[in-house]
């Protein structure tokens, strides 16, 4: 029996236009790269001839395996069953429709096997990545899903990618509850991993067949994100929880800044006699400074880096982001109050929330980014 070092999972449903070509293409990549790979097609009981085509190819492709799932259909469910049946310790997931460039498979394999990463993700949104031939509506939906996913995984530029590779141990005995199309989110949220690598790629819309994106897919995705968040809170050992601890700390620091701001505003105005707007300028700057120091030493552990030049760089970045956050807060307050007719107090609360999201994610990914 051949000992495989890589299992490539191809989930399918009515892919008769693509299945033979994708299997031949993947087989060619494995042969040319010298990788002992298994091609595992997991099909949702297609009725268009996909299964018959794969069964015919089994006669000439010993590296090919087929699983037909008569029940509990869904791309994510198919991939999870592929995880369970994979014969190799490294697993790659790709679409059957050539949306994912099969020639990059050796790079994913090398990232896991040679470089030691637990997860390798094909990203459309990192430098060098792109999307071809998508209408503006689908781009907006995809970008929205990605931004929503980055709430859970701020460091990953494309957490909803369907093109990824993992060590099998990442999902071993993981409490995966697959739904919809975003199986990578489930893996990242509930799997055991410490590091990851992103490889840029150009996503090309399917060459043949029809896209299966539906409104129910969006609802499944929202439910999945909620489930991952609840799971992280209950278990508190996942990478999601590590990130949410930063969000919580950042929030507490922000609350402390309100007290600093208010206290200094009151003291300078009532005891020193400054004009209240002048006092407000000093109060805002004081709260920005204290917020920076607390976030640097507590929230993001930047205090471990004692080089003063880098501290100043982080402080300047934090200052700019904070000022822009104030502008965003005021803009939301004005728009919701003047154009939507919302009570100004509620508008201000909404503005504070939007500004908080802005401040956290920009600071998380730029001011205190790793490296």
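Only the coordinates and a few stated rules stand behind these numbers; no lab work does. Quantities reported herein were computed from a predicted structural model and do not represent experimental measurements. As a convention, Cβ positions derive from the backbone with ideal geometry for all residues, glycine included, and neighbour counts pool all protein chains shown.
Each Cα pair under 8 Å and six or more residues apart adds its separation to the average, and for segment 6-237 the resulting relative contact order is 23 percent.
When peptides 148-156, 319-327 are sorted by average Cβ neighbour count within 10 Å, with the highest value leading, the order is 148-156, 319-327. Can you bin segment 240-367 into rounded, prolate or oblate? Criterion: square roots of the alpha carbon gyration tensor eigenvalues sorted a ≥ b ≥ c, rounded for a/c under 1.5, prolate for a/b above b/c, oblate for the rest. Oblate.
Rounded to the nearest 10 degrees, what's the angle between the helix 344-362 long axis and the longest principal axis of the chain, both from Cα atoms, 0 to 90? With both axes taken from Cα atoms, the answer is about 60 degrees. The relative contact order of segment 240-367, computed from alpha carbon pairs under 8 Å that lie at least 6 residues apart in sequence, is 21 percent. So what is the diffusion coefficient of segment 75-131 in µm² per second by Stokes-Einstein at 37 °C and 0.692 mPa s, using a Kirkwood Rh over Cα pairs? In µm²/s, the coefficient is 256.
Ellipticity at 222 nm from helices only: DSSP H runs of n ≥ 4 in the chain, each -39500 (n - 2.57), divided by the residue count, give -16500 deg cm²/dmol. The per residue volume of the convex hull around the alpha-carbon atoms of segment 1-145 is 138 Å³.
Of all DSSP-defined beta bridges confined to the chain, some 25% are antiparallel rather than parallel. Helix 308-335 and the longest principal axis of the C-alpha atoms of the chain enclose an angle of approximately 90°. Against the longest principal axis of the chain, how steep is helix 239-267, in degrees 0 to 90 to the nearest 10, with axes from Cα atoms? Taking the Cα atoms of the chain, the angle to 239-267 is about 10 degrees.
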